[in-house]
Each structure stands twice: as structure tokens, then as C-alpha cells.
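For reference, the structure is listed below as C-alpha cells.
Read-outs: derived from the displayed coordinates by stated rules, not from any lab. Since the model is a prediction, treat every value here as computed from it, not as a measurement. Cβ placement follows ideal geometry from the backbone for every residue including glycine, while neighbour counts extend to all protein chains displayed.
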Amino acid sequence: MKTTTLLGAAAMALALTACGQKNDFSGATPDVAGLTLEVEGGTAEGLPLSTMSPAAPEAALAATPGGGDELATIRTGLKALNGELRRVMERVEEAVQSGGTPAVGNRMIYGPADRCVLKDAGGACTALANFVLGVKRERDQVFSWLLEARPVGSTSQADFRPVAAGWLARGAHLHRGVGRLALNLRNLKAVQPAYAGDGFLLAGFANGPVAKSLRYRLVEFTPDGSNPLTAVFVGMKNGAGRRRVRVATPQELLAGPNGPELLLARAAWLPGVAGRTFSIVTNWKRLDRTASPPVLAGPAFGDVPGTPWYASYYFGRACYAPATAGAPLTVKFKEWYLCDRPEAPAACVIRQGGAGTVITGTGTWADNCALADEPPELAAPGDAGEHPEDDSAEPGMSGTGMQLPPGPPADPDDTGAPPAGTPGMSPMM
């Protein structure tokens, strides 16, 4: 089913009896809290304020990796993703809270209504769009939904453009379950030119009342019209509050003539106990999606030493002291290894006797960072990815109480609900 199939439902709203349907339909769209990625939370990640202070900016590395702050890189990426996600999905939440109208085809229509798109620094709305939300029951507790927008003042159905769509196999809790979504920021920009963002956010998710597991693919994504990014963000938060996030982003990290390297930055966090970052700095090629299946193509970027271009990568790891009220998170120990493919980071560390190039602290990783109980969420990555669109799972994403979410949609129109019997449709509780 293409996202445009819900468009005509707004014009066919009928005064049908909806006994027992209101809670089903109003709880059938995902909410912001179940979709945001987080390490520790706070305004630095586009989330409510926490006690963690913002990390220092990432510094460009010299001929070998240095003491840059990958945590800052991760949180900058999360703030951009979470900000645009919140901008669109809060319009969905506002719509279902306003009450809907039953329509043909086992649907509910919410709106149309004018909603805020942009706010100034003081929180006052500076730009609006006219939104309508359609929600369709596909079967049992599986729903599809479509949010469309048009310029304020328009009365034409033809002016509506899809800005968000997806499906949700709802669990025991409203707005939570298993599903996929696509945000079309390009269409939002076309409807309201004051909005500076562009590109697409594509996601697969599985979430319950606390735990969540998320896989995002960003396509030509930018929150402000600059530096569009095509990359993947992957993350989870389990029932105990343990979190893990991976951000893939090109950055100029090594001195040399071949452009930015690919930084695969991971953060793992056990609240009040320990924080870690794991980083892979690698040469890379862009993924050509015109080929089927997609292939790496074009010139190789990056200045990691080795021949051919993919022969080597840098692996870095750091551990952090838990943040205390009023104090920033601090790095206790950080080291780097130059590794040879195809060995994974853990094998690389073992081969070199656990003696990397220490950047911060003294002694060894075992002296500074090891815990008596090492949960899977704190494990080093299992491989050294070569491109920014790898959405494979992170350690802990499919552990106790967790469920690996479906992969992100292939494109903004790939949001039709899966057929009955599709594996992986049992929602997290």
C-alpha cells in the first residue's frame, strides 16, 4: 500500500457509529517518547533536561587518532534527529487528542486543523501548516496511518502532501508496539517554505512502556538546509534503563588529502554505573542505491593507512565516570588501535595484547574500565562496518525483554502494513 491511499479518506468522512473504536484508533499511532534515541537524555539530545552537561566539541585528529569526544558527536546527531522527529510526530499526537470522525473503510479522520511548524526562541509559533491525519484498522490491532499537510488557508484536497506515514502493530499499551514510519521533510518544506529542513527519516521500531529498540535511516537529511546526510542511527533502551546508540557520520578526523573518514560512533550507558564509547574510523565509499542490490561505488574517502582502501581501520574505546548532580560526564580512559580487516575489534585488541595508544588516563583498560559484571549492552562492536547505511543490530538490542525492530522502509512510500503471519510482529510488552 502506498502512503497516498489514505488521502481520499478525508473527503469521505461519514457520520458512522464508532462505539468502542475511539481508544483503539487514538492509540494506534506511535508517540514521540517511544521513538526518540537517547544516551542519557537531556537538552543536548533534544530531550527533556537531565543532569548531564554537554560534552566538548569533536576535535580534528592529526596523523593518528587523538582525544576527540565521540560522545559529543553522537549527541549532536541525536539532537538533530530527535528535533525533526518531534516536530512532525507531535502533530500526530495533537491530532489524535483532538478527536476524530469515523470514515468508510474502518478508518478515523482527525482534522484538518492548523498546527504549528516553527517556533521562535521564546516558544511562540511563527509558522503554521494545515494537517489531516488518517488512521485505518488493517486487522485486529494492526493499524496504518498517514499525516498530510497543505498551506494554511487552502481548501483544496489536491494541495495535501504526505509528511509522515507508517503502521503499528499495537501492544498492550497505547501508542506502543512494533512498526515502521517514514517522515517526508521535503514535503513539509514545500508546504511551509519557512521550514528549513529537508530529506527523509525512515525507521523501524519496537517499543513497550519503557523499553525501545530503534533503527533509523536518514536520506539526504538536514534539519537546517545544510550538510545533508545519508546515514543510519541504531539504538535501544531496555527495561532497566540501559542504553546503547550508534551513529554513522562522515567527519574529517585524519590529516590527509582524501576527504572525510567515516566515524561509526557508539555510546553505551548504564545509569549511575558506567558509560562507554566505541569508535571505528574507516575509509569508505558511498552506497549506490540505483543498483539492485545496492553496492559500494565511486571514489574511496578517508586517510586511514593501508592498501587497498578498506584494508585497515582505527578502533577506539573510552570509559566515563558516572555524572553527578551539577558535574559533567568525564572521560577516565581512552585508547586507539590500528586494526586489519577482516578481524573484528575484539580480536584486534587481543592480537595487540590489550595495549593500544592511550590518549586519556594511564594504565590499561582493565585497570580503569572493566566491571565485575559486563552486560551485553557494554560490549565492543562485533564488526568494522564499511559504509554509513549499515543498520545491523547493536549488542543488547535483542536481549532479555528486547525485540529487534523491523528494518527501516526502503523509501517514503514503503509504509504499507505487512500481511498477517509476518514474523516479528509480536509487540513488546
Exercise. Anyone know which of Asn106, Asn227, Asn130 comes out most mobile in the 10 Å Cα GNM of the chain?
Worked result: Asn227
Problem set entry | Exposure proxy ranking, count of Cβ atoms within 10 Å, fewest first, for Glu343, Glu84 | Glu343, Glu84
Exercise. Can you sort Cys116, Cys369 so the residue with the fewest Cβ neighbours within 10 Å comes first?
Worked result: Cys116, Cys369
Seminar exercise, completed: In whole Hz, the Karplus estimates of ³J(HN,Hα) for segment 112-120 (6.51, -1.76, 1.60; θ = phi - 60°; x where Gly or Pro) are x, 8, 6, 10, 6, 10, 10, 10, 7
Exercise. What's the tally of Lys pairs in the chain whose alpha-carbon atoms lie under 18 angstrom apart, where the two lysines are 8 or more places apart or on different chains?
Worked result: 7
For this session: Enter the Cα centre distance for the pair segment 366-426 and segment 288-302, rounded to the nearest angstrom.
Result: 23 Å
Seminar exercise, completed: Calculating semi-axes √(5λ) of the Cα gyration tensor in Å from this structure picks out, from [x] 34, 28, 23; [y] 40, 22, 20; [z] 29, 26, 21, entry [y]
Exercise. What spacing in nm lies between the two simple spin-label points modelled at Arg351 and Ser154, each 7 Å away from Cα in the Cβ direction?
Worked result: 5.7 nm
Exercise. Roughly speaking, what is the stretch gain from Glu220 to Asp414, that is 0.36 nm per residue apart minus the C-alpha to C-alpha distance, in nm to one decimal?
Worked result: 68.1 nm
Exercise. Which whole-angstrom value gives the distance between the alpha carbon centres of segment 328-342 and segment 88-121?
Worked result: 46 Å
Exercise. So how tilted is helix 70-97 from the main axis of the chain? Cα-based, degrees 0 to 90, rounded to 10.
Worked result: 10 degrees
Exercise. Given H placed 1.01 Å from N in the peptide plane, which residues other than close sequence neighbours of Asp383 have an amide H under 5 Å from its amide H?
Worked result: none
Problem set entry | Peptides ranked, highest mean first, by Cβ atoms within 10 Å: ranges 27-36, 349-358, 255-264 | 27-36, 255-264, 349-358
Exercise. Can you run phi through the Karplus equation (6.51, -1.76, 1.60; θ = phi - 60°) for segment 212-224 and list ³J(HN,Hα) in whole Hz, with x for Gly and Pro?
Worked result: 8, 9, 9, 9, 10, 10, 9, 10, 6, 7, 8, x, 10
For this session: Would you order Ser292, Ser392, Ser213 from fewest to most other beta-carbon atoms within 10 Å of each residue's own beta-carbon?
Result: Ser292, Ser392, Ser213
Exercise. If we count every other residue with Cβ under 11 angstrom of Pro405's Cβ, Lys/Arg +1 and Asp/Glu -1, where does the sum land?
Worked result: +2
Exercise. Which value at 222 nm does the chain reach when only helices count, each DSSP H run of 4 or more adding -39,500 (n - 2.57), with the total divided by all residues and rounded to the nearest 500 deg cm²/dmol?
Worked result: -3500 deg cm²/dmol
Seminar exercise, completed: Magnitude of the Cβ-charge dipole (Lys and Arg +1, Asp and Glu -1) of the chain about the Cα centre, nearest 20 debye, reported as 940 debye
